[in-house]
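Asker: Supplied in structure tokens, the structure appears directly below.
The values are calculated or read from the model by the stated rules, or taken from the named source; none is laboratory data. Everything numeric here is computed off the predicted structure, so don't read it as measured data. So basically every Cβ, Gly included, is an ideal-geometry build from the backbone, and we count neighbours across all protein chains shown. The protein model used for the area step is the full one, side chains on, heavy atoms only, and it has no ligands, DNA or RNA in it. Shrake-Rupley method; radii C 1.70, N 1.55, O 1.52, S 1.80 Å.
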Amino acid sequence: TVTRPAADTTLAHILRRVREAQSRRARSEQWIERFAAFYTPAMLALAAAVALLPPLLSGGGWVHWLYRALVLLVIACPCALVISTPVAIVAGLTAAARRGVLVKGGVFLETAATLRALALDKTGTLTCGEPEVSRVLPWPGHTEDDVLARAAALEAESDHPIARAILRCARARGVVPAAVSGRSALPGRGVQGRLDDRMCWAGGIRLAAERGVETAEVQRASADIERAGQSSIIIGRDRHICGVIAVTDAVRPAAPATVRELRHLGLAPLCLLTGDNDATARSIAATVGVDECHAGLLPEDKVRVVTELLRRHGPVGMVGDGINDAPALATATLGIAMAAAG
């Protein structure tokens, strides 16, 4: 059964991206092209003058001066300069595409060499991006399945890694998500929706504080989870806590070595930016070996940190994988968006 035309395949999209990238020329390519536009006609005119003027004006031998004109053309030919630059750029774009990296143009490939600092998102960038639910802590009057059902209902339409982890856990336990209406995302904080005509929500300790339910018991449970290097998701209804879900996300095996290699290439500082809690962020930062750690950030906070890095260090790269990272990716000198395969 044919479901899509060939032009809509992943391979076709990749090839189209590579062709578009090759049309976005680097500054060095543009300079070489402008140089060649004047230099080449000038050399051809000079060679023609060498071949024609001496024989016509002084009666010299045609073969002798034609040979000298050809020697001049060979010596003056800018082939190595004119051809090598675009070939190097195209080779770089092609080599990157072969490894699953799509660079949107030679100008961006060239920009990578100018970077002085790098900001890295945590979830899905330094970590595997496939977190798992490790514990469900129901509050009195609720069961684990009850808490999971509400969390799964709120996260049903989200593609965030933590949302996927909650949905996988609910399916594995045979928990059927409840019906939710008016679902809406709260960028950098969580999600909310109406369940049985009451407002339900799921998010971190910041959202619990906004709802006025950041009790000592909630803080203690959240802190215990975070000290273990995990993320805590608080599930609530109106001004009532239903339970807390602990989610863990493993560091990518290659992340520490990659950070060391980036530092060896001269990038400093290497900064971790995350909306997650401070304890979890610092645990990940210590594991991978970054220089700075900024936790509890909303999308606009990530933009602020990247802007400060630009002011202090010059060209800055931002690596991220989620919609929350989009403003920071756009603010950075070079934005690097992580795909699912990392």
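Asker: Pop the C-beta distance of Arg220 and Thr307 into the FRET formula with R0 = 35 Å and round what comes out to the nearest 0.05.
Answerer: My answer for the efficiency is 0.45.
Asker: What is the pair-distance distribution P(r) of segment 32-169, computed from all Cα-Cα distances in 5 Å bins starting at 0, with each bin given as a whole percent?
Answerer: Per 5 Å bin, starting at zero, the Cα-Cα P(r) for segment 32-169 comes out as 2, 8, 9, 9, 8, 7, 7, 6, 6, 6, 5, 4, 4, 3, 3, 3, 3, 2, 2, 1, 1, 0, 0 percent.
Asker: Now for a different question. If you line up the long axis of helix 10-23 against the longest principal axis of the chain, both from Cα atoms, how many degrees apart are they, to the nearest 10?
Answerer: Here the helix axis deviates by roughly 50 degrees.
Asker: Just Ala185, Ala76, Ala295 to compare: in a GNM of the chain, with alpha carbon springs under 10 Å, which one fluctuates most?
Answerer: Its mean-square fluctuation being the largest, the pick is Ala76.
Asker: Hey, another quick one. Rounded to a whole number, what is D in µm²/s for segment 166-278 from Stokes-Einstein with the Kirkwood radius over alpha-carbon pairs (4 °C, 1.567 mPa s)?
Answerer: For these conditions, the coefficient is 79 µm²/s.
Asker: Take segment 104-160, compute every pairwise Cα distance, and split them into 5 Å bins from 0; I just need the percent in each bin.
Answerer: 4, 12, 13, 15, 13, 11, 8, 6, 7, 6, 4, 2
Asker: Once the cut-off is 28 Å, how many percent of the Cα-Cα pairs in segment 198-342 end up in the long-distance tail?
Answerer: Within segment 198-342, distances greater than 28 Å cover 26 percent of Cα pairs.
Asker: Still on this structure: Please give the helix 299-313 orientation as an angle from the longest Cα principal axis of the chain, in degrees from 0 to 90, rounded to the nearest 10.
Answerer: Here the helix axis deviates by roughly 40 degrees.
Asker: So how strong a dipole does segment 245-342 carry about its Cα centre when Lys and Arg Cβ are +1 and Asp and Glu Cβ are -1, to the nearest 20 debye?
Answerer: The dipole magnitude comes to about 260 debye.
Asker: Tell me, what is the per residue accessible area of the chain in Å², probe radius 1.4 Å?
Answerer: 53 Å²
Asker: List the residues whose amide H sits under 5 Å from the amide H of Met199, counting only those 5 or more places along or on another chain, with H placed 1.01 Å from N in the peptide plane.
Answerer: Counting only residues 5 or more places away or on other chains, the set is Asp238.
Asker: Right, something else. Antiparallel versus total DSSP beta bridges in segment 229-342: what percent is that, nearest 5?
Answerer: 50 percent
Asker: Still on this structure: From the helices alone, meaning DSSP H stretches of at least four residues, give me the mean residue ellipticity at 222 nm for the chain, per-run term -39500 (n - 2.57), in deg cm²/dmol to the nearest 500.
Answerer: Counting only the DSSP helices, I get -16000 deg cm²/dmol.
Asker: Taking amide hydrogens as modeled 1.01 Å from N in the peptide plane, which residues meet the under 5 Å criterion relative to Thr333, leaving out close sequence neighbours?
Answerer: Under 5 Å from the amide H of Thr333: Val316.
Asker: Scan around Arg135 for amide H atoms under 5 Å from its own, H built in the peptide plane at 1.01 Å from N, and keep only partners 5 or more places away or cross-chain.
Answerer: Ala246
Asker: Here's something else I'd like to know. Among Pro86, Ala51, Ala96, whose Cα lies farthest out toward the positive end of the dipole of segment 47-126, if unit charges sit on the beta carbon of Lys, Arg (+1) and Asp, Glu (-1)?
Answerer: Highest projection toward the positive end goes to Ala96.
Asker: Additional query: Percent of accessible area on the chain owned by carbon and sulfur, 1.4 Å probe?
Answerer: Within the chain, the accessible surface is 60 percent carbon and sulfur.
Asker: Quick one: which of 252-260, 195-203 comes out on top by average Cβ neighbours within 10 Å, and what's the full order, highest first?
Answerer: Put in order of decreasing packing, that is 195-203, 252-260.
Asker: Also, I was wondering about something else. Need the C-alpha centroid separation for segment 44-96 versus segment 267-283, integer Å.
Answerer: 56 Å
Asker: State the antiparallel share, in %, of DSSP beta bridges confined to the chain, rounding to the nearest 5.
Answerer: Roughly 65 percent of the beta bridges in the chain run antiparallel, per DSSP.
Asker: log₁₀ I(q)/I(0) of the chain at q = 0.06, 0.08 Å⁻¹, via Debye over equal Cα point scatterers, no solvent, to two decimals?
Answerer: Here log10 of I(q) over I(0) equals -0.36, -0.54.
Asker: What angle, in degrees between 0 and 90 and rounded to the nearest 10, separates the Cα long axis of helix 216-227 from the longest principal axis of the Cα atoms of the chain?
Answerer: Around 40 degrees separate the two axes.
Asker: Starting from the Cα-Cα distance between Ala12 and Phe38, subtract it from 0.36 nm times their residue separation and give me the gain in nm to one decimal.
Answerer: 5.6 nm
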